[in-house]
Amino acid sequence: GVGETHLFRYPADDDPAVLLRVSADSVVAFSQKCTHLGCVVYFEPTEDRWHCPCHDGNFEATTGAVLSGPPTRRLGRIDVEIRSDGMIWAVGREREG
Ligand code: FES
């Protein structure tokens, strides 16, 4: 359902990533690494944002833009595609910087 998250690894097995369902037919995905010092961010459904517990950093749910806290860069976006069979594939990621 909307607001559900799913953890995966991308692009490598030690790169935590997370997918968020934002509507019946759309999802967004981000690297789970906070752009401040690399802690793992998680989704807060009640606040509709990504939260980093290390230094209280917050990012916008669907764009990953910084809302508050020490991070200066938005979360790293991962491009995903919903295929006709309903499978969701990670197909790339935006470059850093
Ligand atoms: Fe996320 Fe510092 S590592 S706010």
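The values are calculated or read from the model by the stated rules, or taken from the named source; none is laboratory data. Because the structure is a prediction, the values reported are computed rather than measured. Ideal geometry is used to build each Cβ from the backbone, glycine not excepted, and the neighbour counts take in all protein chains shown. Note: areas computed on protein heavy atoms with side chains; ligands, DNA, RNA excluded. Shrake-Rupley method; radii C 1.70, N 1.55, O 1.52, S 1.80 Å.
Worth a mention:
- Once the stretch 18-60 is narrowed to residues that are within 16 Å of the ligand (Cβ to nearest atom) and of a type in the set (G, A, S), the residue that is surrounded by the fewest Cβ atoms within 10 Å (Cβ to Cβ) is G38.
- Checked against the criteria, L67 counts as part of a strand (DSSP E or B) and open to solvent by 80 Å² or more (accessible area, probe 1.4 Å).
- Restricting the stretch 7-17 to residues that are without any contact (Cβ under 8 Å) to a residue 60 or more places away in the chain and not in a loop (DSSP other than H, G, I, E, B), the residue that is most open to solvent (accessible area, probe 1.4 Å) is R9.
- Answer from G69, G97, G92 - the residue that is farther than 17 Å from A12 by Cα and at pLDDT below 95: G97
- Residue in the stretch 75-92 that is among the small types (G, A, S), part of a strand (DSSP E or B) and within 16 Å of the ligand (Cβ to nearest atom) present: no
- Annotation note: Cβ proximity below 6 Å between a residue of the stretch 23-38 that is assigned to a loop (DSSP other than H, G, I, E, B) and a residue that is within 16 Å of the ligand (Cβ to nearest atom) and of a type in the set (K, R) (sequence gap 6+ or interchain) occurs for T35/R73.
- Looking only at the stretch 42-85, and only at residues there that are of a type in the set (S, T, Y) and more than 15 Å from the chain's Cα centre (by Cα), the one that is nearest to R21 (Cα to Cα): T46
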